[in-house]
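The block underneath contains the structure these notes are about, expressed in structure tokens.
Every number in this text was worked out from the coordinates using simple rules, so none of it is lab data. The shown structure was predicted, so the numbers you read here are calculated from the model rather than taken from an experiment. Please note: Cβ atoms are built from the backbone with ideal geometry, for glycine as well, and neighbour counts cover all protein chains shown.
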Protein chains: 2
Amino acid sequence: MTSRYALAVLLLATSAAVPAVAQRAAPAAPAGVDPRVAALRDAALKDDVAYDIVEGMTTEVGQRLAGTEAEARARTWSAAKLKALGFKNVRIETYQMPVWVRGEERGEVVAPVPQKLHLTALGNSGATPANGIEAEVVIFPTYADLAAAPDGSLTGKIAYVGNTMMKTQDGSSYGQAGVARFAGPALAAKKGAAAIVIRSIGTDTHRLPHTGTTYFRDGPAIPAAALSVPDAKLIEALAKRGKPIRMKLVLTPRQVGEQESGNVIAEVPGTDPNAGIVLIGGHLDSWDLATGAIDDASGVAITAAAAKRILDSGKRPRRTIRVVWFGAEEVGGFGGRDYAAKHGKERHALAAESDFGADKIWRLGMTLPESAKPVGDRLAAALAPLGIVRGNGPGGSGADIGPTVALGVAGVDLNQSGSDYFDVHHTPDDTLDRVDPENLRQNVAAWTAMLAIVADAPEEIGPVERPAR
Amino acid sequence: MTSRYALAVLLLATSAAVPAVAQRAAPAAPAGVDPRVAALRDAALKDDVAYDIVEGMTTEVGQRLAGTEAEARARTWSAAKLKALGFKNVRIETYQMPVWVRGEERGEVVAPVPQKLHLTALGNSGATPANGIEAEVVIFPTYADLAAAPDGSLTGKIAYVGNTMMKTQDGSSYGQAGVARFAGPALAAKKGAAAIVIRSIGTDTHRLPHTGTTYFRDGPAIPAAALSVPDAKLIEALAKRGKPIRMKLVLTPRQVGEQESGNVIAEVPGTDPNAGIVLIGGHLDSWDLATGAIDDASGVAITAAAAKRILDSGKRPRRTIRVVWFGAEEVGGFGGRDYAAKHGKERHALAAESDFGADKIWRLGMTLPESAKPVGDRLAAALAPLGIVRGNGPGGSGADIGPTVALGVAGVDLNQSGSDYFDVHHTPDDTLDRVDPENLRQNVAAWTAMLAIVADAPEEIGPVERPAR
């Protein structure tokens, strides 16, 4: 999951949900579940396809940094995999995008006491000279404290920003804490800082820093890194002792210009071309620190495994299910924009994205047109046996489907529990060990039921209007 | 906790405990607990001294690799701290020892697919050339498989040894799994290997490798590293696919010759110089990857905090309590041997060591002379309210007190639960975050009760004979 879109989407989901709870009408009487849907759902609880995709992608491809040779290998691997699974119209659509790559990264406190630091550069970070910089650290417990610092007050200094993140099931704390990463570096640069280190936007206490993109817009790109949470706490503990802290940083990432990235597309063809496409997927690229098992090999695997169950069900769906494994999400949502630019004019009935890890799905969110309200009731009834509650939030969240959804497409959210997601998100720990096969199966079952219902719904699923963002 | 002594001690404890359970006599009727002991014990459940020591040592000193300037700073810090706490006869005793220091360390799979690895050199590892080595990997699922390989069969290859470790409360799995680290590198060198990588001797699944000493004796020191557990699993998953694996390793540690290390000693003077010394402590040095919070700042802190409670109790104990913060434990137990060489002829009544983390104490082990059997009953009764069981194992385990105990000194073990210890042991994660203040207080309470009983026991606590090791 990336930052910009995710931030907007998460903030919206949270702010929308709060008043809605108060006004909520009494729940509708439970609808019956179509036995075919129930059977497909329950069979998916024994799914092995999703785990096989995650295991294969993490082992045989590994990290998949956007715009690099590794992401290109991932596209080749993915197209072959999707063909082997029996999908139709499998193809790769490429586009150009600016690419940033990591270099050397080291940091240490040099005074008042030597302490080695575990840190990692943020995406788009500027570089220090090859032998690094050493400077005094100015402590900002929160992003608001940094914002309050006068312009020019940080000249020649290294800014430290705390901005502690709490665990939340819906991930809403990512927006609040994450602004230190999304916007902190540009703000520190504006105030004259030579570099910035932030406490990782994460909820764990391991010595594994969380990377992620930051945006400098038109300003200068200063060196910008995230400290692991224990290292950040150490800085704060040293700061409390009152002596000046000096830090040395070596960060040598670089921008390597426009490179090729791409989306991988596969379909389960429908019988009614006028009924609109059901667009699902996740993102193929990952950060470079790990093999991107939960972010987002799991998302592409869950959605493809569910679509394959419809493909293999012996009955062609009414609507075409289009599975897209988007490229270059982490670094700014390039794949999602390219898809919308190329396919936005095709009729999309509904869109849904999986990009929040591999934990169980706990909540259903929907944005449907009035004509499709019964579809929503059927979805809620079919998902309830999996432990999924019908929420009040919108559907169609996600950075990759965002540009398409923004054109007025209905959407469903199958929200995964995010309480532990930010323990691992964007760290070297995002490996296969973080994926629980049972949780993955619950996801596949929910997605299978959802697809069986929406792809075959006799109702018209037309455009929706969404609140302005 | 180091390897050589720990291995012997743990294997002994395990093998001794198993038959003893079967033969165990009915427990003695519960002895009453001296109200003074109970009061000291219960007051210690509010202790802040131990946490303050751990916090201070990890923040103000940081890593304390044996024989380096950092360990010397730790001695200075410690002597000042122990004096400030009111201990008597605080002094530093130095000795010389050979010192190994870490260099650069990087590794990657280069074929069949590029995958970056998280690894760390083992103590005493040899070095690769500065630009590294690249070679084919030969997979040995266990240490026994490596042992079965013919001499010369690994010429020019990199050996990989799995030897998975399970969680055990008493830590006994460390010996069984750990042999891959203690002895695997020398064995691989003997068979011609150019280098060796092992699966970390650890029970976690984070991308944080576990270091620790290996011993080459008289053979050549080849480059030897531990992969994090997820990286080791990745190697095994690639191996299952059947294509040859090639790995690149850059490891540039070096031996820097004889350097100064030392023990820090402090006392609570007793009233009866003929009653023998009660020797307690842990080790001051740590591995260099982290701040050594659980290994072993916690051990030195717990023992000193308990001794301070006796010091401040208003009544001088009968026996002198000597707190020793040993140097250079991790790299071969140099501090413990120096102490025994300098002090072994003094009369020691009893010895006890804390070097197994910061989790709760669950079991009491004792090796006491016949004359002191009632002391054992009183200990068991006083510790039971803390949830501590009376075990059948010996007392006096530990690498640092080992050489003194071997001279025939009685001993007590206050065994900490080790189920999670090897999640963190010797990794970059051994920081303050791993220390639960409540668990630390339970330790201090147990140690305080133990000291109150043994330091004041009217019984003679004379020499003991132990089974041959």
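Here are the numbers for the structure shown:
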| item | result |
| --- | --- |
| Assigned charges on the beta-carbon of Lys, Arg, Asp, Glu; the stretch A:255-409 dipole about Cα centre (debye) | 1020 |
| Cβ-placed point charges (K, R +1; D, E -1), dipole of the protein assembly as shown about Cα centre in debye, nearest 20 | 120 |
| Alpha-carbon gyration tensor eigenvalues x 5, square-rooted, for chain A, Å | 41, 23, 19 |
| Pair B:S153, B:K315: separation of 7 Å Cα→Cβ label points (nm) | 6.6 |
| Per-residue ³J(HN,Hα) for the stretch A:177-192, Karplus 6.51 cos²θ - 1.76 cosθ + 1.60, θ = phi - 60°, Hz, x for Gly and Pro | 6, x, 4, 4, 8, 4, 10, x, x, 5, 5, 5, 4, 4, 8, x |
| Karplus-derived 3J(HN,Hα), 6.51/-1.76/1.60, for each residue of the stretch B:431-444, Hz, glycine and proline x | 10, 3, 4, 7, 9, 8, x, 5, 5, 4, 5, 4, 4, 4 |
| Cα gyration tensor category, rounded, prolate or oblate, for the stretch A:398-448 with a/c compared to 1.5 | oblate |
| Taking the stretch A:102-234 and dividing mean pair separation by its residue count, relative contact order in percent (alpha carbons under 8 Å, at least six apart) | 30 |
| Nearest-ten-degree value, helix A:229-240 long axis tilted from longest Cα axis of chain A | 30 |
| Normalised contact order of chain A, rounded percent, pairs of Cα under 8 Å and 6 or more residues apart | 23 |
| For B:G32, label point 7 Å along C-beta direction: distances to other copies, nm | 7.7 |
| Three-way shape label, the stretch A:104-256, alpha-carbon gyration tensor, a/c 1.5 | rounded |
| Per residue, the convex hull volume that the Cα atoms of the protein assembly as shown enclose (Å³) | 186 |
| Positive-pole candidate from A:W447, A:T431, A:V464, dipole of the stretch A:428-469, charges at beta carbon | A:V464 |
| Given chain B, longest segment not containing exposed loop GluC sites (Glu not before Pro) (DSSP; at most 14 other Cβ within 10 Å) | B:105-345 |
| Inter-chain shielding of A:426-436 (mean C-beta neighbours from other protein chains, 10 Å cut-off) | 4 |
| Computed [θ] at 222 nm, deg cm²/dmol, chain A (DSSP H ≥ 4; -39,500 (n - 2.57); rounded to nearest 500) | -9500 deg cm²/dmol |
| Whole-Hz ³J(HN,Hα) from phi, Karplus 6.51 cos²θ - 1.76 cosθ + 1.60, for the stretch A:162-167, glycine and proline x | x, 6, 4, 9, 9, 7 |
| Built amide H within the under 5 Å cut-off of A:R363, gap 5+ | A:V389, A:N415 |
| Local net charge near B:H348, Cβ-Cβ under 10 Å (Lys/Arg +1, Asp/Glu -1) | +3 |
| Euclidean distance of C-alpha centroids, the stretch A:144-199 and the stretch A:374-423, integer Å | 31 |
| Neighbourhood charge, 10 Å Cβ-Cβ cut-off, centred on A:V405 and excluding it, Lys, Arg +1 and Asp, Glu -1 | -1 |
| Fewest-first sequence of B:V113, A:V54 by Cβ atoms within 10 Å of each Cβ | B:V113, A:V54 |
| Formal net charge of residues neighbouring B:A72 (Cβ-Cβ distance under 10 Å; K, R +1; D, E -1) | 0 |
| For A:K46, inter-copy label distances in nm, listed shortest first [label point 7 Å out on the Cα-Cβ vector] | 6.1 |
| Inter-copy spacing of A:A384 label points, which lie 7 Å from Cα along Cα→Cβ, given in nm from shortest upward | 5.4 |
| Which of B:I280, A:I453 has the fewest Cβ neighbours within 10 Å, and the rest in rising order | A:I453, B:I280 |
| Inter-chain Cβ neighbour average for residues A:115-124, partner chain, 10 Å | 2 |
| Closest Cβ on chain A to the rotation axis that carries it onto B (distance rounded to whole Å) | A:H206, 3 |
| B:A39-B:E134 FRET efficiency (beta carbon distance; Förster radius 56 Å; 0.05 resolution) | 0.30 |
| Residue order, fewest to most surrounding Cβ atoms within 10 angstrom, among A:R390, A:R241 | A:R241, A:R390 |
| Rounded if a/c under 1.5, otherwise prolate or oblate - the stretch A:338-469, Cα gyration tensor axes | oblate |
